[in-house]
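Worksheet: one structure, shown below.
The values are calculated or read from the model by the stated rules, or taken from the named source; none is laboratory data. In this text, all values refer to a predicted model and were calculated from it rather than measured experimentally. Counting neighbours? That spans all protein chains shown, and the Cβs are built from the backbone with ideal geometry, glycine included.
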């Protein structure tokens, strides 16, 4: 079995391919790096690196060992971090955010229960926009976000909110007076598009390329924010499937919201970077799941578990 320092030295050298930089990263001498690599090579029974006066390269065996060891080392680091978090308890600071003001009440209810359970952990609440939500999770500006599923490339918690979908159309649009419409009408009208910063899965869910029967959906103009998307709809530039929350939070005289009777509900919950799955994050997910049930349902936004019609 490899010792921790041997594994760390091998993986660092496999990434850097330079003895000096490896020694600098690990805080040891280049001689010690060479000594540790030789120990690993003796355990394997052959060379892991090809060394010349100018270059260091992985052998085929070395490349395979690096690919096999990297996830194991990462899992060990994560296990140690979880143990340290558990030992310290839930302390420090947690930065939580919401995307869309209609989600703020649910997030604040979760913050209240989390703070009650973990008074030694300070919670900071922020609002993010479509343009910076993903970047804020990636760069660590926020730890956890309440937003719509799907959210590609991120860890997610259970569904906290469900709401029916409606079709936003201009007030003078031919569909404005309909009692309800099918998703099939998307093939007959341009659909306003979300910006490219949103995930592929999200855009496919909200503005599909085809109707359920396979008819192509024409693409309308792109909006940079939700308010801008709705303004494009009001201008008659296209239609847009949205959640029922829009009736309450965006009641505009130049818009109409028509129920989509065959569309699945929109689901929302907590999202975070998998590499940032700390005990604080896990504790907040638990608090949010426990806090959402007592929240009374509204016409447009229903906590998960209360059902949708």
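Checking the structure you have, find out if any residue of region 153-166 is buried (at least 19 other Cβ atoms within 10 Å of the Cβ) and in a helix (DSSP H, G or I).
no
Please pick out the residue among 232, 270 that is within 18 Å of residue 148 (Cα to Cα) and crowded, with 21+ Cβ neighbours inside 10 Å.
Working: 232 fails: within 18 Å of residue 148 (Cα to Cα).
Result: 270 is the single residue among 232, 270 that is within 18 Å of residue 148 (Cα to Cα) and crowded, with 21+ Cβ neighbours inside 10 Å.
Any residue at all in region 54-67 that is within 27 Å of the chain's Cα centre (by Cα) and either in a strand (DSSP E or B) or free of Cβ contacts under 8 Å to residues at least 24 places away in the same chain (or both)? Spell out how you get there, then give the answer.
The first filter runs over region 54-67 and keeps only residues within 27 Å of the chain's Cα centre (by Cα), leaving 67.
In the following step, the residues that additionally are either in a strand (DSSP E or B) or free of Cβ contacts under 8 Å to residues at least 24 places away in the same chain (or both) were identified as 67.
Yes: region 54-67 contains one or more residues that are within 27 Å of the chain's Cα centre (by Cα) and either in a strand (DSSP E or B) or free of Cβ contacts under 8 Å to residues at least 24 places away in the same chain (or both).
Please verify whether region 136-145 includes one or more residues that are touching a helix residue (DSSP H, G or I) at 6+ places or on another chain (Cβ under 7 Å), more than 15 Å from residue 269 (Cα to Cα), at pLDDT 90 or above and surrounded by 20 or more Cβ atoms within 10 Å (Cβ to Cβ).
Yes, because at least one residue in region 136-145 is touching a helix residue (DSSP H, G or I) at 6+ places or on another chain (Cβ under 7 Å), more than 15 Å from residue 269 (Cα to Cα), at pLDDT 90 or above and surrounded by 20 or more Cβ atoms within 10 Å (Cβ to Cβ).
Among the residues that make up region 205-217, is at least one of them outside any loop (DSSP other than H, G, I, E, B), touching a helix residue (DSSP H, G or I) at 6+ places or on another chain (Cβ under 9 Å) and crowded, with 18+ Cβ neighbours inside 10 Å?
Filtering region 205-217 for residues outside any loop (DSSP other than H, G, I, E, B) gives 205-206, 210, 216.
Then drop every residue that is not touching a helix residue (DSSP H, G or I) at 6+ places or on another chain (Cβ under 9 Å), which leaves 210, 216.
Checking the rest, the ones that are also crowded, with 18+ Cβ neighbours inside 10 Å come to none.
So far as region 205-217 goes, no, none of its residues is outside any loop (DSSP other than H, G, I, E, B), touching a helix residue (DSSP H, G or I) at 6+ places or on another chain (Cβ under 9 Å) and crowded, with 18+ Cβ neighbours inside 10 Å.
Kindly list the number of the only condition in (1) outside any strand (DSSP E or B); (2) in contact (Cβ under 8 Å) with a residue 12 or more places away in the chain; (3) out of contact with any helix residue (DSSP H, G or I) (no Cβ under 6 Å at 6 or more places or on another chain); (4) surrounded by 15 or more Cβ atoms within 10 Å (Cβ to Cβ) that fails for residue 256.
(1)
Restrict the check to region 108-121 and report whether at least one residue is part of a strand (DSSP E or B), at pLDDT 90 or above and in the same structural domain as residue 288 (by TED's automatic domain parsing). If you could, list the steps in order and put the result at the bottom.
Taking region 108-121 first, the residues part of a strand (DSSP E or B) are 121.
Still in the list and also at pLDDT 90 or above: 121.
Next cut, in the same structural domain as residue 288 (by TED's automatic domain parsing) only: 121.
The answer is yes; a qualifying residue exists.
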